[in-house]
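Shown next, in structure tokens, is the structure this report addresses.
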Amino acid sequence: MSERFARYYDNLMRPLEKRAFQEIRKQLVKSAVGDVVEIGSGSGANFPFYTNVNKVTALEPNSIMREKARTKLQHASVPVELIDGHAEYLPFPDDTFDSAVSTLVFCTIADPAQAINELRRVCKNGAPILFFEHVRIDGFKGRVQDILTPLWKRLCDGCCLNRETLSLIECTGMEMRHVTKYYHDIFIKVDSVNRK
Ligand SMILES: C[S@@+](CC[C@H](N)C(=O)[O-])C[C@H]1O[C@@H](n2cnc3c(N)ncnc32)[C@H](O)[C@@H]1O
């Protein structure tokens, strides 16, 4: 993520966060348990919502985002360890975590298939893997997303409007507990369970 985009990201997102996303985040992370890995944790928007977990290990490759996230650590009611790292190469042994969280990250990750394999590898069998992402919609609106994506990617620092993240998750063979769609199906909240 570029320095400029990282600096303005929270201000750009504030209206949506207040109107809807904060509540969605709260509902999503409620299902996290034990030791949690969060990928692409950004400025730490989820940190205040973790409650009944032991610890969150949050990976974020952008140093400005990590700097912003450090200020949110004081609002977290659980221990959060913030580290530099990419979701495609998680620096942990197999079966380390009891849960995983990804919010608004799969749109930007360079290799989403590798990232999901890594999440499954570092999580134990039966671990909840929780997503809140925006995705490509079916039909005409999806084709509009395809057309807009090259420009959007440039404006929003690599974010792709047309990632098929729900299909990617479904193809892994994980158990899908709940899928909730928002804003004309552009956003999805997925509560899935790792099955090895
Ligand atoms: C749109 S922001 C979302 C931040 C946060 N998860 C949230 O919900 O507000 C996307 C984040 O993904 C991070 N990111 C980009 N590529 C990544 C990768 N390969 N692995 C992990 N994080 C990545 C970016 O640095 C950025 O902080």
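Pull up the stretch 113-141, narrow it to residues that are closer than 16 Å to Thr96 by Cβ and of a type in the set (S, T, N, Q), then point me to the one that is farthest from the ligand (Cβ to nearest atom).
Only one residue tops the list, namely Asn125.
Show the residue pairs that are 6+ apart or on different chains and have beta-carbon atoms under 8 Å apart, the first residue being within the stretch 147-160 and touching a residue at least 40 places away in the same chain (Cβ under 8 Å), the second being more than 11 Å from the ligand (Cβ to nearest atom).
Cys159/Trp152; Cys159/Lys153; Cys160/Thr149; Cys160/Trp152; Cys160/Lys153
I need the full set of residues from the stretch 104-132 which are in contact with a strand residue (DSSP E or B) (Cβ under 7 Å, 6 or more places away or on another chain) and farther than 24 Å from Glu60 by Cβ, in order please.
Gly126
Could you pull out the residue among Val101, Val135 that is in contact (Cβ under 8 Å) with a residue 40 or more places away in the chain, within 18 Å of Tyr183 (Cα to Cα), of a type outside the set (D, E, K, R) and in contact with a strand residue (DSSP E or B) (Cβ under 7 Å, 6 or more places away or on another chain)?
Working: Val101 fails: within 18 Å of Tyr183 (Cα to Cα).
Just one listed residue meets the conditions, Val135.
Considering only residues that are outside any helix (DSSP H, G or I) and hydrophobic (A, V, I, L, M, F, W, C), look in the stretch 9-34 and name the one that is farthest from the chain's Cα centre (by Cα).
Here the residue is Val33.
Please work out which residue is farthest from the ligand (Cβ to nearest atom), limiting yourself to the stretch 86-103 and to residues that are surrounded by fewer than 20 Cβ atoms within 10 Å (Cβ to Cβ) and under 14 Å from the mean Cα position of the chain (by Cα).
Taking the candidates together, the pick is Glu88.
Scan the stretch 39-60 and tell me whether some residue there is within 14 Å of the ligand (Cβ to nearest atom), in contact with a Gly (Cβ under 9 Å, 6 or more places away or on another chain), modelled with pLDDT of 95 or more and outside any strand (DSSP E or B). So that I can check it myself, show each step before the final result.
So in the stretch 39-60, the residues within 14 Å of the ligand (Cβ to nearest atom) come out as 39-50, 56-60.
So of that shortlist, the ones also in contact with a Gly (Cβ under 9 Å, 6 or more places away or on another chain) come out as 39, 58-60.
Cutting the leftovers down to modelled with pLDDT of 95 or more gives us 39, 58-60.
Okay, now just the ones that are also outside any strand (DSSP E or B), so 60.
Looking through the stretch 39-60, at least one residue is within 14 Å of the ligand (Cβ to nearest atom), in contact with a Gly (Cβ under 9 Å, 6 or more places away or on another chain), modelled with pLDDT of 95 or more and outside any strand (DSSP E or B).
Is it the case, given these coordinates, that Asp146 is touching a Leu at 6+ places or on another chain (Cβ under 9 Å), of a type outside the set (Ser, Thr, Tyr) and away from the ligand (no atom under 16 Å from the Cβ)?
Numbers: touching a Leu at 6+ places or on another chain (Cβ under 9 Å): yes; of a type outside the set (Ser, Thr, Tyr): yes; away from the ligand (no atom under 16 Å from the Cβ): yes.
Yes: the conditions hold for Asp146.
Please enumerate the residues belonging to the stretch 149-196 that are closer than 14 Å to Phe106 by Cβ, among the small types (Gly, Ala, Ser) and away from the ligand (no atom under 16 Å from the Cβ).
Answer for the stretch 149-196, where residues must be closer than 14 Å to Phe106 by Cβ, among the small types (Gly, Ala, Ser) and away from the ligand (no atom under 16 Å from the Cβ): Ser167, Ser192.
Evaluate the following for Val36: is it aliphatic (A, V, I, L, M), more than 12 Å from the ligand (Cβ to nearest atom) and surrounded by fewer than 21 Cβ atoms within 10 Å (Cβ to Cβ)?
no
The values are calculated or read from the model by the stated rules, or taken from the named source; none is laboratory data. Fair warning: this is a prediction, and the values are worked out from it, not measured in the lab. Here Cβ is always computed from backbone atoms with ideal geometry, including for glycine, and neighbour counts include all displayed protein chains.
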